[in-house]
Amino acid sequence: MSDQSVVTAMTQAVELAQNNALAAIAATKDLSAVKTLTADLNKKDSPLNTLKSDLGKLTSVDDKRTMGQLLNTASQSVNAALLTRSTELESLEISARVAREAMDLSEFTTRRKRGHTHIVTQATQRLEDVFIGLGFQIAEGPEVETDFYNFEALNMPKSHPARSEFDTMFLEYGDPNSVLLRTHTSPVQIRVMQTWQPPIYAIMPGRVFRRDTPDATHMPVFHQIEGLVIDRGITFAHLAGTIEAFTKAFFGNEFTSRLRPSFFPFTEPSAEFDIRRADGEWIELGGCGMVHPNVLISGGIDPEEFSGFAFGFGIDRMAKERHNVEDIREMYTNDLRFLRQF
Ligand code: DAH
């Protein structure tokens, strides 16, 4: 074989070895494959290294130089390709690890979609905050009540005419008309008196029920908040002062309150309280009075030793006034377009 044909054969062999090496590099899937391949390509008997040792077989110095340069270029391009591929795989592996270890913070970005409390809940929570600030504690009672707690213990014996004003819903349970859905939060007063020791400074928010047809200002299910103070030497002046302090704290300093004589079986004397807006308009808010001695006795408290006052008013009405809601039924249709406004 002439040198020329040896050179041609070697040139083809170098090209083939280089292309095979580049293809193998491109096919690597991870860094450890690149590492193994690098070791293989550096072995003495790798195709390119074998060709390098074949250089000695060439007799012409010129051929040796030409083939030597060709082999060097091939080796350089293979080494460059190894480096590029390992850098590439390294950054792929880093981004894969970052993605794998990334913390899922989507809760924060989607928080707004979770909604918020209903305006009646908002009003209840604000009321609780204000009364807690005035030194009151919060109590709760059951929504299903007995005739005793809802009426009897509140100085409304069986024949009392005030009972009919409450449009009571009774349950078919026990003796007829003995178990009912509470018509007001006042029965919680009795439960608190029976379980707590005076001095008592309590508020009792909750859901109440009356047989009413829904209209713009009435719902058969609504919310009230009850207040009860029992201590030594409590007078009507404490009641008036508390109502005034509450009015200013809840509505703002530009508001003021007044009491008008009224009647409730569970208080004596009784009053209705109104608040006056900055524009001079009076708004009726609820009822109040000095706890009737019979009610203290029902609660197990000695009227000779203790006296107290109580008050109660509707929460839904307050939310309605505050947000200028035209029709109270809107608050309970669960229409998101309405609810999302507040
Ligand atoms: N329970 C009464 C009602 O539902 C409201 C009320 C009036 C509560 C006077 C009281 C009070 O505690 O002293 O209409």
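Looking only at residues of the stretch 41-80 that are among the small types (Gly, Ala, Ser) and assigned to a loop (DSSP other than H, G, I, E, B), we find that the one that is modelled with the highest pLDDT is 46. Scanning the stretch 134-156 for residues that are open to solvent by less than 30 Å² (accessible area, probe 1.4 Å) and among the hydrophobic types (A, V, I, L, M, F, W, C) yields 136, 139, 151, 153, 154, 156.
Can you tell me which residue in the stretch 81-111 is modelled with the highest pLDDT, limited to those that are exposed (fewer than 10 other Cβ atoms within 10 Å of the Cβ) and among the acidic types (Asp, Glu)? The residue in question is 101. Scanning the stretch 230-254 for residues that are open to solvent by 30 Å² or more (accessible area, probe 1.4 Å) and hydrophobic (A, V, I, L, M, F, W, C) yields 236, 237, 240, 245, 249, 251. Scanning the stretch 118-132 for residues that are open to solvent by 70 Å² or more (accessible area, probe 1.4 Å) and touching a residue at least 24 places away in the same chain (Cβ under 8 Å) yields a total of 1. Scan (1) open to solvent by less than 40 Å² (accessible area, probe 1.4 Å); (2) within 13 Å of the ligand (Cβ to nearest atom) for the single condition residue 259 breaks and write down its number. Going through the list (1) open to solvent by less than 40 Å² (accessible area, probe 1.4 Å); (2) within 13 Å of the ligand (Cβ to nearest atom), residue 259 breaks only (1). Exactly one residue among 208, 179, 192 is open to solvent by 10 Å² or more (accessible area, probe 1.4 Å) and among the β-branched types (Val, Ile, Thr), and that residue is 179. Limited to the stretch 214-264, what total is found for residues that are among the aliphatic types (A, V, I, L, M) and either without any contact (Cβ under 8 Å) to a residue 12 or more places away in the chain or on the phi > 0 side of the Ramachandran plot (or both)? So the answer is 1.
Of note, residue 29 does not satisfy the criterion of being under 29 Å from residue 5 (Cα atoms), open to solvent by 70 Å² or more (accessible area, probe 1.4 Å) and of a type in the set (Lys, Arg). Only residues that are small (Gly, Ala, Ser) and within 14 Å of the ligand (Cβ to nearest atom) were counted in the stretch 153-196, giving 4.
Look at residue 159 and say whether it is among the hydroxyl-bearing types (Ser, Thr, Tyr), farther than 27 Å from residue 284 by Cβ and open to solvent by 30 Å² or more (accessible area, probe 1.4 Å). Judged against the criteria, residue 159 is a match.
Show the residue pairs meeting these rules: Cβ distance below 8 Å; 6+ apart or different chains; first residue within the stretch 44-62 and over 22 Å from residue 78 (Cα atoms); second residue open to solvent by 40 Å² or more (accessible area, probe 1.4 Å) and not hydrophobic (A, V, I, L, M, F, W, C). Matching pairs, first to second residue: 58/3; 58/64; 59/3; 60/3. Restricting attention to the stretch 156-184, the residues that are farther than 20 Å from residue 224 by Cα and of a type outside the set (A, V, I, L, M) add up to 12. Looking across the stretch 273-313, the residues that are under 38 Å from the mean Cα position of the chain (by Cα), within 13 Å of the ligand (Cβ to nearest atom) and crowded, with 19+ Cβ neighbours inside 10 Å come down to 273, 285, 286, 287, 288, 309, 310, 311, 312, 313.
If you go through the stretch 263-272 and keep only what is out of contact with any helix residue (DSSP H, G or I) (no Cβ under 6 Å at 6 or more places or on another chain) and near the ligand (Cβ under 9 Å from one of its atoms), you end up with 264, 267, 270, 271, 272.
The values are calculated or read from the model by the stated rules, or taken from the named source; none is laboratory data. This one's a predicted model, so the numbers in the text were calculated from it and none came from an experiment. All Cβ positions, glycine included, derive from the backbone under ideal geometry; neighbour counts span all protein chains shown. Protein only, heavy atoms only, side chains kept; ligands, DNA and RNA dropped before computing areas. Shrake-Rupley method; radii C 1.70, N 1.55, O 1.52, S 1.80 Å.
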